[in-house]
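The values are calculated or read from the model by the stated rules, or taken from the named source; none is laboratory data. If you're wondering where the values come from, they're calculated on a predicted model, not measured in any experiment. With ideal geometry, Cβ positions are generated from the backbone for all residues, glycine too; neighbour counts draw on all protein chains shown. To get the accessible areas, we keep the full protein, side chains included, count just its heavy atoms, and leave off ligands, DNA and RNA. Shrake-Rupley method; radii C 1.70, N 1.55, O 1.52, S 1.80 Å.
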Amino acid sequence: IAAAAAAMVCEGDAVMIDSGTTSLEVARLLAGDRSLTFVTNGQDVLAALVAGGARSIHVVGGEYVLINRSFSGATAAAMVRSYNVDKAILSVAAVDLARTLICTSHPQIACAQQAMIEIAQVVVVVADHSKLERTALAVIAPLARVDHIVTGGEARAAVAGIPDKLRKKFVFA
């Protein structure tokens, strides 16, 4: 999943990378590309980018959320909105296919992720197949606001029944 998402990033892109285990793997794959500019709200993503030799890194502050080791909430959202990025890589808690929504477990996290969607030219959600089998408390956005959902091949059956317009957004790694 991480490799397929990383392949969507182009030389010279400004990339917002959200916190989360899958987005962390994307950060590790991209960190060595010195042509990229990174923006992150994730503590672990920041560490991976630094360790990988990233040259240009901007960090978003805000309320610290321990569950995903991110800076989120209204302050983070306001900081995110000061950027303009080519790609945003988002980890989510759920891709609710029945309601066609992406969701997360905490409203503070959703607030920052909503801002990320607003400022990105292309939004890439990374989610393993288990995230397509659940929902979560806080709505981030409708699937229509997302450009790509990168997931594993195990998700093909779950996606088969959704409208074609939304199904085309799925990339199976």
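In the stretch 1-135, carbon and sulfur make up what percent of the accessible area (probe 1.4 Å)?
Values: 2880 of 5410 Å².
For the stretch 1-135, the apolar C and S fraction of the accessible surface comes to 53 percent.
Could you work out how far apart the two model spin labels at R34 and T21 are, taking each label as a point 7 Å from the Cα in the direction of the beta carbon, and quote it in nm?
3.4 nm
Once you place label points 7 Å from the Cα toward the Cβ at R134 and R81, how far apart are they in nm?
Between R134 and R81, the simple spin-label model gives 3.1 nm.
Taking R0 as 22 Å, what FRET efficiency do you get between H58 and E118 from their Cβ-Cβ distance, rounded to the nearest 0.05?
On the way: r = 17 Å, r/R0 = 0.75.
Efficiency, from the Cβ-Cβ distance: 0.85.
Is it possible to state the helix-based mean residue ellipticity at 222 nm for the chain, with each DSSP H run of 4+ residues giving -39500 (n - 2.57), the sum divided by total residues, to the nearest 500 deg cm²/dmol? What is it?
Numbers: 7 runs with 53 residues, N = 173.
Estimated from H runs of four or more residues: -8000 deg cm²/dmol.
Toward the positive end of the charge dipole of the chain, about the Cα centre and with charges on Cβ (Lys, Arg +1; Asp, Glu -1), which of A94, N68, G42 goes farthest?
So the residue we want is A94.
Using label points projected 7 Å from each Cα along Cα→Cβ, tell me how many nm separate D164 and R145, to one decimal.
My value for the distance between the label points is 2.7 nm.
So how compact is the stretch 4-51: Cα radius of gyration and Dmax in angstrom?
Over the stretch 4-51's Cα set, Rg and Dmax evaluate to 9.4, 24 Å.
With a 1.4 Å probe and every protein chain left in place, work out the accessible area per residue of the stretch 84-173 in Å², rounded to a whole number. Numbers along the way, then the final one.
Details: 3810 Å² over 90 residues.
About 42 Å² of surface per residue is accessible.
So, counting K/R as plus one and D/E as minus one, what does the shell of residues with Cβ under 11 Å around N68 add up to?
Numbers: positive: R69; negative: D18, D44.
Net of charged neighbours comes to -1.
Taking the Cα centre of the stretch 104-164 as origin, sum charge times position over the Cβ atoms of Lys and Arg (+1) and Asp and Glu (-1), and report the length of that vector in debye to the nearest 20.
Values: 4 positive and 6 negative charges, 21 e Å.
With Lys and Arg at +1 and Asp and Glu at -1, about 100 debye.
So in the stretch 24-144, what percent of DSSP beta bridges are antiparallel if you round to the nearest 5?
On the way: 11 of 21 bridges.
Taking every DSSP beta bridge within the stretch 24-144, about 50 percent pair in antiparallel fashion.
Work out which helices of the chain, taken as complete DSSP H runs, extend at least 18 Å along their axis over the Cα atoms and score a mean Kyte-Doolittle of 0.5 or more, then list them. Show your work: numbers first, answer last.
Numbers: long enough: 107-119 (19 Å, 0.59).
In the chain, the long hydrophobic H runs are 107-119.
Less than 15 Å Cβ to Cβ from A78, Lys/Arg counted +1 and Asp/Glu -1: what total charge do the surrounding residues give?
Numbers: positive: R81; negative: E63, E118.
Charge balance near A78 sits at -1.
Can you tell me the length gained on complete extension of the stretch A157 to S105, counting 0.36 nm per residue apart and subtracting the Cα distance?
Details: separation 52, 0.36 × 52 = 18.72 nm, distance 2.47 nm.
Result for the pair: 16.3 nm of gain on full extension.
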